[in-house]
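Below is one structure, written out as structure tokens, with a few remarks after it.
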Amino acid sequence: MAEFTVAVADPDDGTTYQVEVDGQDANRFIGREIGEEVDGGAVGLSGFTLELIGGSDATGRPMRSDVRGSELKTVLSDGGTGYNPTRDGERRRITVRGREVSDETRQINARIASRGDGDPADLLGDE
């Protein structure tokens, strides 16, 4: 059974809320890709819409939006998610996850795309 930590960012005030999700609510995220929108009811924000912007697996490998699927892939990267070059032209082979959420995903990063009624701080708790 899938179990995630969803980090919900509120772009209006810069606050991020961490919400543990499992069971049926976690199944709403399975198969979704980075950039897709999900109903906020899965994390307790009914009426809100969340946009998936990233994530990582249990070992900390990041999800990359330019890699298809949900499996581990080794890519030659010149920068971006998962690698920060220190000089011009530097490239490195890195292992990353694909852009699709799966059972191996441990953390999902999302931001509020559209608001519903209420304040996220009241609905999710000020942690």
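Structure values in brief
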read-out	value
Selection count, the range 74-108, where residues are at negative phi and more than 18 Å from the chain's Cα centre (by Cα)	15
Contacts under 9 angstrom Cβ, first residue in the range 62-79 being more than 19 Å from GLU90 (Cβ to Cβ), partner among the polar types (S, T, N, Q) and outside any loop (DSSP other than H, G, I, E, B), 6 or more apart	MET63/SER56; MET63/THR105; MET63/ASN109; SER70/THR105; LEU72/THR95; LYS73/THR95
Set ALA121, ALA42: member being over 24 Å from MET1 (Cβ atoms), open to solvent by less than 50 Å² (accessible area, probe 1.4 Å) and either in contact (Cβ under 8 Å) with a residue 24 or more places away in the chain or not in a strand (DSSP E or B) (or both)	ALA121
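Quick grid of which residues meet (1) in a helix (DSSP H, G or I); (2) among the polar types (S, T, N, Q); (3) out of contact with any Ser or Thr (no Cβ under 8 Å at 6 or more places or on another chain):
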| residue | (1), (2), (3) |
| --- | --- |
| GLU20 | no, no, no |
| ASP25 | yes, no, yes |
| LEU52 | no, no, yes |
| VAL67 | no, no, yes |
| LYS73 | no, no, no |
| ARG87 | no, no, yes |
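The values are calculated or read from the model by the stated rules, or taken from the named source; none is laboratory data. What you see is a predicted model; the values in this text were computed from it and never measured. FYI the Cβ positions are ideal-geometry reconstructions off the backbone, even for glycines, and counts take in every protein chain you see. SASA here: full protein model, heavy atoms, side chains in, ligands and nucleic acids out. Shrake-Rupley method; radii C 1.70, N 1.55, O 1.52, S 1.80 Å.
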